[in-house]
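One structure is given below, encoded as C-alpha cells.
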Amino acid sequence: MFWKKTAAASVVATASTILPHVATAQEVSLDEQINQAIAPISNVIAGFMFYSVPVAGTAFPLIVGWLVVAATIFTVYFGFVQFRKFGHAISLVKGDYSHPEDAGEVSHFQALATALSGTVGLGNIAGVAVAVSIGGPGATFWMILAGLLGMASKFTECTLGVKYRNEYEDGRVSGGPMYYLSKGLAAKGKPGLGKVLAVVFSICCIGGAVGGGNMFQANQAFQQVVNVTGGEQSFLAGSGWLFGLVMAIIVGIVIIGGIKSIAKVTEKIVPLMAIIYVTAGLIIIISNISMVGDAFAQIFIGAFTGAGVAGGVVGALIQGFKRAAFSNEAGIGSAAIAHAAVRTKEPVTEGYVALLEPFIDTVVICTMTALVITISGELNSGLTGVELTSAAFASAFTWFPLILALAVVLFAFSTMLSWSYYGLKSWTYLVGEGKGKEIVFKLFFCLCVIVGASMSLGPVIDFSDSMIFAMAIPNIIGLYFLMPVVRGEITQYWEKIERGEIKKVK
C-alpha cells in the first residue's frame, strides 16, 4: 500500500518502518497496548478512506481521483487561471498591491510561507522517491501535471477562505473551509448541508493536526536525529521524551503568539529549507549537466511508454498523481485556513498567491528531487523512500545525510507550527472563540509533541492520515457549489483594476 501520508509528507510506511524506532522494552509494551486499542478503528477508517480500485494492474485510491478530477474541473472552469495569472501572483507576493490598513493579520508572503510550511516536507524527499522507484522516471511527468492542475484547486479554496472569514474587533481573523462551507452554502439556501460539512471538516482537521501534523512529525524528526548521531549507540537513543520536550517548548513559544508569531517564524524557515535543499540539488544537477537532457528524456518517454516497475503507463500516471496529491494537499482545504489570515480587501488576491504553492512544492522541488535520483544512477539500487533520496544526494555529497537530518527537523518543526494553527481554528469553530479555549488546545498540542517523539504510534498515524484526506470530501463538495462565487470575485476584482480603484503601491 502506498498511500501513507503525513501532513507535510507522503510516505509509504509508518514511523516504525521508515526510520527504525529506538525504544526500551517498557516503551514498546506501551506502544503495543495503544496500537492494539486503536488498530481496529484505524484499519476500518483507513480502509474506507483509501479504498483502491485496480486500474491496469495498479491500485488506484479513489480519494486521489476525487482530488485530481476536482483540480481538472477548476482548471477548465476558471480558464486555466494558474497559467494566465501566474505573473500577477508573483506581483502580489512581492507586495506590489498591499495596503497596510487592510483587514487581516499577515502579509501575502507570510501567508504563503505559513501554508507552504505545512506542505513542503518529507513528501518532497520520500514521496518522490517512492513514485520514481515504482512508476519509473515517467511518474515525474504525471506528478508535474497533477501539480499544475492542483494550482487551480488552491486558487479556488483560498479565495473562498478570505471571502467568508470572520474579522474580529481586535484585528484577529478566523477563516477556512469550515467558514465558507457554513456561510457560503447558507447564502446558497443550504444552511443545513453547510453546517454538517463544516463540522465534519473541523473534526477531521483536528484529528489530522494532532496526529499527522504533530506526533508523526516529532517522531520522524527524532528518528532522523538518532540515526545521524550513532543509531542505537546515540546519546539520544531511548530519550524521545527529552527530544520531544525540547521541541514542545520551542513549538509552544511560537504558537502561543498566534498566527503573527507563526508567520514570522515560517517566513524565515521556509526559504531556509528551500535554499538548503534546492541548492544541494542544483549543485548535483549542474555538476552533471550533460546528463540532464537524458534525465528529462527518461521522464518524458517513461510517461508514455511505462518504463517503470509496475503498471506501465497507467502505473506511472497513478504514482505521479498520488505523490502530487499527497504532497501539495490541493483540495484538502488546510491551506485556506492560513491564507484566510492575510491582509487584503480582495479575496481573489489570496487565491492568486495560493496557486503558487503547488508550483513550488510539486513542480519545482519534487521535480528537482526526481532529477537528482535519475541522474545519480541510484534508481535501480533497490532503495526507496528517504533512503533512496539520501543515497542519491550522498552520491555527490557524502555528508548529505546530515543536511537531510537538518531538513527533516526543520520540515517537522514548520509543519507542526502550521498544523497547530489549522487545528486551533477548527477547534475554535466548534467550541467558540476565546483565549482560554485557545490555550487549552495549544497546551494539548504541545503535549502531543512529547508523546509523538516518545512512541511509535502506527495506527494513530494511520487514523490521522485518514482524517487529513477525509477533509477533502466536504471541502470539494462545497467548492463545487461555490465556484460561481469565485468567478464573481474574479470579475469584480479586474473591473476595479481597469477603473483604477486598485493600483500598485510599489
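The values are calculated or read from the model by the stated rules, or taken from the named source; none is laboratory data. Small disclaimer: the values here were computed from a predicted structure and weren't measured. FYI the Cβ positions are ideal-geometry reconstructions off the backbone, even for glycines, and counts take in every protein chain you see. These accessible areas exclude ligands, DNA and RNA; they are computed on the full protein's heavy atoms, side chains included. Shrake-Rupley method; radii C 1.70, N 1.55, O 1.52, S 1.80 Å.
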Filter result for residue 373 (under 21 Å from the mean Cα position of the chain (by Cα) and closer than 25 Å to residue 145 by Cβ): no
Residues satisfying the stated conditions in the range 451-462, i.e. surrounded by fewer than 24 Cβ atoms within 10 Å (Cβ to Cβ) and modelled with pLDDT of 80 or more: 451
query: Among 196, 228, which is the only one that is surrounded by fewer than 19 Cβ atoms within 10 Å (Cβ to Cβ) and closer than 22 Å to residue 431 by Cβ?
result: 196
- line: For the range 41-57, pairs from a residue that is part of a loop (DSSP other than H, G, I, E, B) to a residue that is surrounded by fewer than 18 Cβ atoms within 10 Å (Cβ to Cβ) and at pLDDT 80 or above, with Cβ under 6 Å and 6 or more apart or across chains, are 51/62
- prompt: Looking only at helices (runs of 4 or more DSSP H) that fall completely inside the range 354-442, which ones have 3 or more residues that are surrounded by 24 or more Cβ atoms within 10 Å (Cβ to Cβ) and β-branched (Val, Ile, Thr)?
  reply: 367-376
Matching residues, the range 167-185, being over 11 Å from residue 341 (Cβ atoms), surrounded by fewer than 16 Cβ atoms within 10 Å (Cβ to Cβ) and of a type outside the set (Ser, Thr, Tyr): 169, 170
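Right, residue 253: assigned to a helix (DSSP H, G or I) and touching a residue at least 24 places away in the same chain (Cβ under 8 Å) or not?
Details: assigned to a helix (DSSP H, G or I): yes; touching a residue at least 24 places away in the same chain (Cβ under 8 Å): no.
For residue 253, the condition - assigned to a helix (DSSP H, G or I) and touching a residue at least 24 places away in the same chain (Cβ under 8 Å) - is not met.
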- prompt: So, in the range 257-297, of the ones that are under 22 Å from the mean Cα position of the chain (by Cα) and open to solvent by 70 Å² or more (accessible area, probe 1.4 Å), which residue ends up nearest to residue 379 (Cα to Cα)?
  reply: 275
